[in-house]
Amino acid sequence: MQIYPIGDAMDWNKALKLELIAPKANCRLIIVGESKDGQPFCYEDHFTIDKISDSSFTVTLELPGMYPFEKLEHVSFIEFSFKDRGILYFSYVELIQLEIKKTHCLLTLTIPEEMQSYQSRQFNRAKVSVRTPITLQIVGIRGLSSHKGVAFSGQLLDISAGGLSFITTSRLIYPLFLELSFILPHYPLPITVYGKIVRVTNFSNESYKAAVEFRHTPETILQEIEKYCSTETVT
């Protein structure tokens, strides 16, 4: 899977000067970690920037009867993002402090040096006819991170040289970045790939269907997957 940039990297100080980042401005956070019961914790929402200092900034989220962080045990990584003229800029940030009040919560975060933006292309898919388990691990948001989340399992549904889809009981969100390991039917070797979630839909009352686009995966592996798919019915 190739990645095509759709905009230049945005420097933090430049965004401040252009007032793209300022108190009362909206932003989006994706928070990934582990819940107190050992399951993956994934939460995304729009936050409001409260204040900005030289080394950190604080965002706030209104909590009208919701307490999404009550089950949070620890944070693996956080993505901060905002849009400018249709282009989404994003970067990893570190959590300095989480403060939960009765009606809202405050998150103090480190300041990123710059933010990136990307666009990807899609591929056709081929069904996997035999029940195929898949082991997954959250390893970033939109790209690889130095941290990894807890491992969980799913069932592979379809695959191509561009991506795959699977079913899992773990709640996932776009655009988490995953490590995915599986053994294809009639293929002797285990395969490990990396990819970004591009779509999540409800599959049943207790499970979800997720589509993933491959990223940072060796060309040799993608060629083997393409060879495998050539023997299957393409959908």
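The values are calculated or read from the model by the stated rules, or taken from the named source; none is laboratory data. Small disclaimer: the values here were computed from a predicted structure and weren't measured. Cβ coordinates were reconstructed from backbone atoms using ideal geometry, including for glycine residues, and neighbour counts include every protein chain displayed. Areas reflect the complete protein model, heavy atoms only, side chains present, ligands, DNA and RNA absent. Shrake-Rupley method; radii C 1.70, N 1.55, O 1.52, S 1.80 Å.
Worth pointing out:
- Selection of segment 42-59 for residues being modelled with pLDDT of 90 or more and either buried (at least 17 other Cβ atoms within 10 Å of the Cβ) or more than 17 Å from Leu88 (Cα to Cα) (or both) yields Phe47, Ile49, Asp50, Lys51, Ile52, Ser53, Asp54, Ser55, Ser56, Phe57, Thr58, Val59.
- Restricting Ser153, Ser129, Ser146 to those that are surrounded by fewer than 20 Cβ atoms within 10 Å (Cβ to Cβ), modelled with pLDDT under 80 and either aliphatic (A, V, I, L, M) or not in a loop (DSSP other than H, G, I, E, B) (or both) reduces the list to Ser129.
- Close contacts from segment 77-90, counting a first residue that is closer than 14 Å to Phe57 by Cβ and a second that is open to solvent by 20 Å² or more (accessible area, probe 1.4 Å) and modelled with pLDDT under 85, with Cβ to Cβ under 6 Å and a gap of 6+ residues or different chains, come to Ser81/Leu88.
- Residue in segment 20-41 that is surrounded by the fewest Cβ atoms within 10 Å (Cβ to Cβ), counting only those that are farther than 18 Å from Ile111 by Cα and among the charged types (D, E, K, R): Asp37
Rundown of residues vs (1) at pLDDT 90 or above; (2) under 22 Å from Gln39 (Cα atoms); (3) of a type in the set (Val, Ile, Thr), yes/no style:
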| position | (1), (2), (3) |
| --- | --- |
| Ser165 | yes, yes, no |
| Pro188 | no, no, no |
| Ile191 | yes, no, yes |
| Asn205 | no, yes, no |
| Phe214 | yes, no, no |
| Ile221 | yes, no, yes |
| Glu226 | no, no, no |
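- Take the conditions (1) part of a strand (DSSP E or B); (2) over 16 Å from the mean Cα position of the chain (by Cα); (3) crowded, with 17+ Cβ neighbours inside 10 Å; Phe69 misses just one of them, which is (1).
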